Every structure is written in C-alpha cells, then in structure tokens.
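Written out below as structure tokens is the structure these notes cover.
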Amino acid sequence: MTKFFASLSQESRIHRFFSLSQPNDKLIDSFCDDSDPHVTFTLVVNRLVDGNVSIIAAGSYAARDPTTAEVAMAVSDKFQGKGIGTLLLERLALVAVMNGFRRFSAVTMAENKPMLDVFRESGFTVHTKTNEGYVEIDLSVIPSEASVARAEMRDRISTTASLLPFFQPRSVAVVGASRNPASIGGRLLHALLTTGFQGSTYPINPHTSVVASLPTYPSARDLPEAADLAVITVPKDAVLDVVEDCAARGIKSLVVITAGFAEVGAEGRNLQQRLLEKVRGYGMRMIGPNCLGLLNTDPAVRLNASFAPDFPPAGQVAFCSQSGALGLVIIRIARERALGLSNFVSIGNKADVSSNDLLQYWEENKQTNVILLYLESFGNPRRFARIAKRVSRHKPVVAVKAGRTAAGRRAAGSHTAALAASDVAVEALFHQTGVIRADTLDEMFDLAAALTSQPLPAGRRVAILTNAGGLGILCADTCEANGLLVRELSDSTKERLRQFLPSNASVMNPVDMIASAGADDFRKAGEILVSADEIDALIVLYIDVAMTDTTDLAEGVAAGVLAGRAHRTARKKPVLACVMAGAGSGKPICAGSEQVPNYAFPENAARALGKITAYAEWRNQPEASIPDFNDIAPRTAREICQDALQRHGESWLSAEDLRKVLTAMSLPLPRGGVATTANEAARLAREIGFPVAVKLASRRIVHKTEVGGVRLNLQNESAVRQAFADIQERLGRAEKLDAMDGVLVQPMIPAGVELMVGVTQDPLFGPLIGFGLGGIHVEILKDVCFRVTPITDRDATELVRTIKGYRLLEGYRGHPPADISAIEELLLRVSRLVEEVPEISELDLNPVFALPPGQGCLIVDARIRVEH
Ligand code: COA
C-alpha cells in the first residue's frame with residue numbers, strides 16, 4: 001500500500017490526502033486493518049504487471065458513527081478514467097450497507113472534477129456543499145432503483161465492450177497451430193482459413209517456421225501486432241506461459257480450447273484458478289478453458305475460431321453451449337434445419353466469460369434476435385435472473401437446462417465442472433425471468449424456428465387446418481395440454497370455409513378438409529383462417545397420402561399465408577406447419593420473405609406454439625416491481641436472528657424471538673404471547689379473551705401436536721392452567737421437560753382456509769419461497785408452488801393463483817372466499833425478510849389462516865431456523 005501511494009503523481013496525492021507528503025505508517029496501517037468492517041474497510045484493485053502483482057487503486061471507508069462513514073479513494077494515474085473509481089465506490093457502498101451504514105460522506109477539492117463525477121454518476125442520491133475550494137459530499141448508500149440501474153448499465157457496457165474483440169477481431173493468433181492437420185490445433189487453423197475469416201491469421205508454433213502455407217511465429221511475443229484474439233490449443237502445462245506471452249504482447253482476449261482444468265478434479269481446479277488469476281490480473285477476458293471455441297457468421301467477419309468443421313448459415317440466432325461436443329452437433333443440425341445462426345460460443349468451464357456475459361452482449365447485438373442457451377450449471381443465478389429478465393423483455397431467450405435428475409446432475413457436475421442446482425429452483429427462475437425452457441434439444445430447435453420466423457401471438461386461440469382427422473386430434477390435444485384454446489370457429493368463418501369445401505369436411509376446429517384436399521384448398525382455407533378475428537395463431541397439418549412431392553402443397557400453404565397477411569389484423573399471427581412425408585417435408589415453407597416453420601410432428605408444432613404464447617403473455621404484462629413497506633424493521637429482525645445464533649448456535653428460534661422477528665416485519669400474528677408459568681398463561685388468556693389455544697413453546701420440539709403440546713378451545717382460566725400442567729406432565733413423562741420454554745397463548749381463530757408459506761435455502765439460488773394449501777393438503781397433495789426470492793408483486797399474484805387449490809381461495813361450495821391481497825402481501829413481506837436476513841435457513845408458516853376479504857390472514861403457527 002505504501003508503494004502504491006508513493007507511486008501516485010503529486011496531483012493525485014494532493015487530491016487524495018490534501019497534502020504532498022506521503023501518508024504516514026499509522027494511517028496506512030489503519031487502511032490495512034480488516035478486523036472490523038463496522039469501523040473501517042479498504043478495497044484494493046490489483047493488476048499484474050510483468051508477472052508481479054501491484055495495487056492500482058484503493059478505496060476506504062471509516063466510520064464516523066454507526067450509520068455514517070467517510071469514504072475516500074485513489075486510482076493510479078495510468079488507470080484513471082477507466083471506471084475503476086466508480087466500481088470501487090459501488091463495491092464499498094455494498095460492503096458498507098451490509099455492515100449497517102446508510103450514508104457516505106466525503107470531502108474533495110472543488111477542482112477534482114473526476115472524483116466529483118464519480119459521486120454524481122454513481123446513481124446514489126448525492127448532496128454537495130461547496131466551502132472555500134472544497135466540496136462536501138453526502139450520499140445515501142442504500143441501493144435505490146437509480147443506483148441499481150446505473151450499476152447494471154455499467155456492467156452491461158463494460159461487458160459488451162470487453163467481448164467485442166471475441167466477435168469482431170481484426171486479427172486472430174492461433175497458439176498451437178499444429179502441423180498435424182488432424183490435431184485440434186490443425187483443425188482450428190484450417191477452419192479459420194477455409195471459412196474465409198476477413199482479418200489476419202497468425203499461426204504460432206515454436207517448432208516450425210511454416211504451417212498451412214503461412215509463416216509461423218515462435219511466440220505471441222514475436223507477433224507484428226497485438227492480435228485482437230488468441231485461440232490457445234497448446235497442451236495444458238504450456239497454457240499459463242502462453243497467457244504470459246499474450247499479455248506481454250498486449251493481447252486482451254483469449255479462447256482456451258485446452259482441456260484438463262476444473263473438469264478433471266482438484267489438481268485441474270487449482271490450475272484453472274491460477275489461469276484465471278493470470279487472466280484477470282492482466283485485465284484480459286477468456287472463453288473456456290475446455291471449450292470448442294466460437295463462431296461469428298457476420299459476412300464482414302466470418303470467424304470460425306473453433307474446431308467445428310461446419311460453418312452454419314448466417315441468421316439471427318445466437319447460441320451459447322456449455323458443452324463443446326454438443327456444439328458440434330448443434331452447428332450441424334442448424335445447417336440441416338436451415339436455421340441461421342449469428343454467433344455460436346462454447347463456453348466450456350466458463351472460468352471467466354459466462355452465459356450471463358454473453359446474454360448482455362447479445363442483448364444489444366443487432367445481428368441477434370433470439371438467444372439459445374444450453375446450460376449445465378449456473379455460476380451466479382441472481383445475476384442471471386436480473387439480466388435474463390431484462391433481455392427477455394425484448395429478445396426471447398430459450399434455455400435447455402440439463403441435469404433435471406439426480407443422475408443428470410451428477411453427470412453435469414463431472415462434465416464441465418458444473419455446480420448442480422435443484423430443478424425446482426431452475427424452473428422457478430426461468431418462469432420468473434421469462435426464459436422459455438425447452439425440455440429437449442429438439443424442442444429448442446423447434447422453438448428457435450418459430451421465434452425467428454414468426455410474430456408472437458396476441459392470444460391463446462388457435463385454428464388447426466388439416467387434411468387428416470387424426471393429425472388434427474393429436475394436435476388439438478397437445479394444444480390444449482399446453483394452455484392453448486382450440487375453440488369452434490365463428491359462424492362467418494365456417495360459412496366462408498363451407499363455400500369451397502366438400503360437405504363431408506369439418507369446419508369446426510380443427511378444420512378437417514379430408515384427404516382429397518389439395519394445394520388450392522390449403523391456400524383458400526389458409527387465407528380465411530389467418531385473417532379470422534377469432535384466431536390468434538394457425539397450425540397447418542398435411543399428410544401426403546400418396547407420399548409424393550409436397551412442393552405444390554407447400555406453395556398452396558405459402559400463398560394462403562401471404563394472402564392472409566394482407567389483412568392488417570393477420571400480421572401478428574404466427575403460422576406453424578407440419579407437412580408429413582414426401583420430398584420437401586421438414587424444410588421451412590417460404591411465403592415471400594417469410595418462412596413458415598415446418599415440424600416433424602403435429603405435437604411439436606403445438607408444444608412450440610404453447611411455450612411461445614406463454615412467453616408472449618409474459619412479455620406483454622407490465623413490468624413487475626418489488627414493493628417497499630414503511631412499517632418494517634428488517635435490521636431488528638436480523639439482529640434478533642444474529643443474537644439467537646450467537647446464544648444458541650444453529651437452531652430453531654424460540655417462540656419469543658420468532659414473535660419478535662415476525663412482528664418486526666409486520667407479519668400478521670394473532671394476539672397473545674409466551675408464558676412460562678401457568679399463572680402467566682392464565683393472565684395472558686384473560687387479556688386476550690376466551691376461548692384461547694395453548695401451545696407448547698420449544699426451540700427443540702418442532703412437532704408440537706405429536707407430543708400432546710396443543711390444547712384448543714379453552715374456555716376459562718382454570719382450563720388454561722390445567723392445559724399448562726398437562727403439557728408439562730406429558731413432557732415430563734417423555735423426559736423432555738427441559739425442552740419446554742413455556743407455552744404460547746393465542747386466541748382461537750375463526751376457521752379459514754389453511755395455507756402454508758415456506759422458505760428453504762438452495763445452496764446456489766438462495767432462498768426459495770413455497771406457497772400452498774396448508775395442513776394435510778401440503779403433506780398429501782403436495783400442492784405447493786415455488787419462486788426464487790426476491791419476488792415481485794407479479795410473482796406474488798401469480799404464486800397465489802398457480803396452486804391447484806386456488807379455487808378454494810376464490811370461494812367454493814360454502815367455503816367463503818379468502819383475502820387474496822393479504823396473502824400476496826404476506827408473501828412479499830416474507831420474501832423481504834429472508835432477503836434481509838441471510839441467517840434464516842428455513843422458515844415455515846403453517847398453517848396460515850386466510851380470512852374473508854378485508855379481514856387479512858393470520859399466522860397460526862410458525863418456525864424459523866437460523867444458521868451461519
Ligand atoms: N506455443 C505454441 N505452440 C506450441 C507450444 C507453445 N508454447 N507448445 C506446443 N506447441 C505446439 C506443438 O508443437 C504442436 O504443434 P505440432 O503438432 O506442429 O508440433 C501444437 O502446439 C499442439 O501440441 P501437441 O503437443 O501436439 O498437443 P495436442 O494437439 O496433442 O493436444 C490439446 C493439445 C489442446 C488439443 C489437448 O491438450 C487438449 O486439451 N485436448 C482436448 C481439447 C478439448 O477436448 N477441448 C474441449 C472441447 S469441447
């Protein structure tokens with residue numbers, strides 16, 4: 001640190017310390033003291049320079065009082081103006097908030113404009129006061145919508161800029177360009193050259209002077225220019241040295257094809273860590289290791305920096321695959337299905353560049369309109385959630401997440417060093433972020449075909465047009481099973497169809513034109529259906545009974561679609577086809593400049609349309625928000641949990657603490673409290689009013705009913721005293737008396753629908769909130785739905801309505817309806833609680849009684865477990 005401050009220019013030192021002299025040792029020691037972040041905290045930014053680590057920036061805060069800290073920072077002169085100061089402030093603020101601070105104050109010289117800009121551009125609410133050449137700055141460090149938006153924007157801009165050289169390099173070095181054309185390095189060089197890369201190629205190989213007719217360089221250090229991108233295919237023990245060479249030549253982007261890193265165990269993990277430290281230390285970015293490479297089909301680039309022999313047709317689909325081998329197949333299938341790709345990236349072990357980074361890059365990339373992800377793991381699901389939710393609002397993201405089953409997860413773990421995630425959490429995450437989940441690779445291609453060529457539907461109503469009843473039935477069933485509506489057509493549409501169809505054709509829906517239907521019938525019916533007001537989408541099915549050429553038929557369908565599209569209302573209606581058998585089946589049908597995707601089976605078309613429709617609905621909803629509450633004290637809740645953790649270690653909260661935590665979040669609890677003697681219980685009961693319930697209060701006994709710890713409907717004080725004595729006696733007999741903290745006395749609550757709200761911690765995703773009907777329903781019927789926290793107002797609304805038992809909440813056969821908005825609010829408050837108190841490892845509110853509208857709901861029983 002002393003060296004760093006000494007290295008600053010005079011001007012920078014004056015700006016930081018208001019003095020030319022070096023900071024004294026005592027001050028520097030205080031920066032380096034990391035013993036208590038409630039008092040002081042320093043972050044440093046390291047950079048590798050010629051293999052040595054040196055500090056290039058440092059920022060500190062020091063407490064003025066428990067909620068305000070003074071902040072100051074300095075960035076090495078050479079690295080100023082690159083956003084490091086802003087990042088330091090952002091991270092310091094984060095640490096400060098976690099340690100109870102709410103405000104930062106700072107003093108800076110009025111002439112120090114760059115520093116003032118850092119504060120002003122941070123997105124935090126900043127107040128300044130100028131005083132004799134100095135500016136006093138005061139800012140709230142509590143994350144606000146503006147500060148989060150700024151941080152996200154910075155992340156997006158810097159990520160996109162750092163990835164640009166991967167996709168648009170003007171020159172590529174192939175390090176390990178082998179003389180052996182069959183080796184990976186040889187194949188890669190060949191792919192780069194034969195695809196027609198528009199930039200320069202530099203083969204690097206110390207063992208030869210020429211490869212593939214190109215002169216080689218012994219090392220990246222010898223290159224005539226700093227190549228924009230280096231692709232590394234040398235054996236694993238040589239990779240780290242090659243990275244040094246690349247850094248020395250100023251190369252900033254690396255693709256490491258070489259395998260043998262985190263995917264092979266502890267030693268490989270160690271090597272990968274060292275590789276990553278080098279890459280980050282030099283400020284480089286890296287795709288891989290253990291990957292296939294990347295492709296960009298843009299005619300101005302034509303980059304095949306992979307050892308995939310095929311180059312896909314250019315198009316709008318960007319593909320990120322966590323498996324390289326699968327990537328080879330994917331590129332081949334894309335060719336076969338005429339699906340145009342914009343980019344393909346195999347991210348391998350994703351030590352540095354992740355699918356999250358690529359999502360951000362493709363978000364703004366003009367060539368890309370649909371994003372496909374093959375994922376085996378999530379590095380940072382919370383970041384994925386934030387980015388995917390934003391991207392999905394204007395570009396569809398389709399994901400295949402492998403590892404649904406325990407066996408699949410085991411395989412994923414050893415495959416690309418993936419961290420397994422529970423499928424419930426994955427499902428919830430995709431749902432909340434608008435990501436379309438494809439169950440299979442085949443389905444992913446089906447979805448991509450429709451998303452690239454067809455508009456998103458405005459609703460769920462589908463017309464099915466066929467020449468074979470069987471196909472129509474299969475398709476209709478799958479449509480309905482996937483949330484689509486196959487309703488009877490309007491009278492006027494039926495009438496128009498009847499005018500040219502034979503009498504034994506059916507004009508209901510599906511429209512079965514029977515086997516004799518020809519291309520002209522498909523044209524006429526297609527036009528009528530695409531333009532019919534009662535329809536949001538059309539599926540055309542054809543089976544060629546003669547098994548001959550279907551070209552005519554395809555032309556008929558195309559002409560019908562084109563004619564239909566001439567009607568203004570028909571422009572937003574997707575059309576999907578399934579032309580079975582005969583030559584030409586499987587290929588998309590060209591209707592002018594439009595391509596109608598052509599599926600192998602009617603069910604594929606129906607499933608794809610179902611998922612696309614659900615996505616369109618998600619996208620059309622107004623943006624959701626996480627509401628704030630002004631009657632909550634999350635800090636108090638956290639302090640109680642931390643205190644309990646300190647006193648009792650990892651355990652369930654006592655009834656008293658539990659009550660305090662829930663009260664701090666203004667969660668609806670019945671009146672009453674905990675009594676440690678029979679007399680106290682009687683007094684509490686008197687205050688509450690009879691009848692009351694008396695329940696065992698214990699941190700250790702979780703299932704109170706099983707030990708006879710619950711007495712209901714007690715009508716007077718003596719019954720309460722008796723209940724206390726009974727519970728005591730039962731526990732005494734079971735030799736568990738020391739587990740009794742007392743009893744909880746509650747009023748009897750008028751019966752309502754029993755609900756449950758639970759939270760568990762997923763090791764990767766964090767808190768997962770579950771909601772369902774309580775009591776036996778949850779135990780036997782498992783009618784519970786999950787979301788990843790933090791949940792939005794929309795998540796809460798949806799969660800309540802997704803459970804099968806929702807009809808009960810609406811009021812059903814004598815059951816009064818429930819106060820739904822109170823339930824939604826309860827979910828939002830619980831989500832906030834577990835977000836603010838990471839010590840909560842498990843939470844169970846069961847039962848929660850839902851009372852009639854306007855009367856709220858009540859948490860009748862609860863438990864919270866705290867862990868480190
Ligand atoms: N700089 C430049 N070139 C170097 C070098 C260095 N420091 N060290 C070696 N080379 C050259 C070699 O001379 C050789 O060229 P040559 O054949 O003309 O002599 C070339 O690099 C490759 O070295 P070689 O020892 O033949 O390695 P290899 O081809 O057997 O294996 C990998 C290299 C990267 C392919 C291999 O280590 C590997 O990781 N394979 C698995 C890759 C994989 O599956 N990735 C994931 C895909 S999904």
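Things worth noting here:
- Residue that is nearest to the chain's Cα centre (by Cα) [pool: residues in region 316-333 that are away from the ligand (no atom under 15 Å from the Cβ) and touching a residue at least 60 places away in the same chain (Cβ under 8 Å)]: 317
- Among the residues listed as 400, 370, the single one being over 12 Å from the mean Cα position of the chain (by Cα) and at pLDDT 95 or above: 370
- Extreme residue, surrounded by the most Cβ atoms within 10 Å (Cβ to Cβ), among residues of region 270-309 that are farther than 18 Å from residue 169 by Cβ, modelled with pLDDT of 95 or more and within 16 Å of the ligand (Cβ to nearest atom): 289
- Per the listing 476, 448, 463, the residue uniquely of a type in the set (A, V, I, L, M), closer than 29 Å to residue 520 by Cβ, out of contact with any Phe, Trp or Tyr (no Cβ under 7 Å at 6 or more places or on another chain) and in a helix (DSSP H, G or I) is 476.
- Test for residue 856: is it at positive phi and without any contact (Cβ under 8 Å) to a residue 12 or more places away in the chain: no
- Flag if residue 222 is away from the ligand (no atom under 12 Å from the Cβ) and either at pLDDT below 95 or not small (Gly, Ala, Ser) (or both): no
- Just one of the listed residues (342, 377) is of a type in the set (S, T, N, Q) and modelled with pLDDT under 90, namely 377.
- A residue that is more than 41 Å from the chain's Cα centre (by Cα), buried (at least 20 other Cβ atoms within 10 Å of the Cβ), aromatic (Phe, Trp, Tyr) and at pLDDT 90 or above cannot be found anywhere in region 689-697.
- For region 563-574, a residue qualifies if it is surrounded by fewer than 17 Cβ atoms within 10 Å (Cβ to Cβ) and not in a loop (DSSP other than H, G, I, E, B), and the qualifying residues are 568, 569, 571, 572.
- Check on residue 240, in contact with a strand residue (DSSP E or B) (Cβ under 6 Å, 6 or more places away or on another chain), within 13 Å of the ligand (Cβ to nearest atom) and not in a loop (DSSP other than H, G, I, E, B): no
- Condition check for residue 771 on (1) closer than 23 Å to residue 822 by Cα; (2) in contact (Cβ under 8 Å) with a residue 60 or more places away in the chain: one failure, at (2).
- Taken over region 209-219, the criterion of being within 11 Å of the ligand (Cβ to nearest atom) and either at positive phi or in contact with a Leu (Cβ under 8 Å, 6 or more places away or on another chain) (or both) is satisfied by 211, 212, 217.
- Scanning region 179-208 for residues that are under 21 Å from residue 224 (Cα atoms), more than 9 Å from the ligand (Cβ to nearest atom) and polar (S, T, N, Q) yields 198, 200, 201.
- Scanning region 609-648 for residues that are among the β-branched types (Val, Ile, Thr) and not in a loop (DSSP other than H, G, I, E, B) gives 612, 613, 636, 640.
- Residue within region 146-165 that is farther than 30 Å from residue 386 by Cβ, out of contact with any helix residue (DSSP H, G or I) (no Cβ under 8 Å at 6 or more places or on another chain), more than 10 Å from the ligand (Cβ to nearest atom) and of a type outside the set (Gly, Ala, Ser) present: no
- Residues in region 515-530 that are in a helix (DSSP H, G or I), surrounded by fewer than 21 Cβ atoms within 10 Å (Cβ to Cβ) and small (Gly, Ala, Ser): 519 only.
- For region 152-174, the condition holds for no residue, the condition being that it is touching a Leu at 6+ places or on another chain (Cβ under 7 Å), more than 18 Å from residue 91 (Cα to Cα) and at pLDDT below 95.
- The set of residues in region 479-499 being outside any helix (DSSP H, G or I) and under 32 Å from the mean Cα position of the chain (by Cα) consists of 482, 483, 484, 485.
The values are calculated or read from the model by the stated rules, or taken from the named source; none is laboratory data. As the structure is a prediction and not an experimental result, all values here were calculated from the model. A quick note on method: Cβ atoms are made from the backbone with ideal geometry, for glycine too, and the neighbour counts reach across all protein chains shown.
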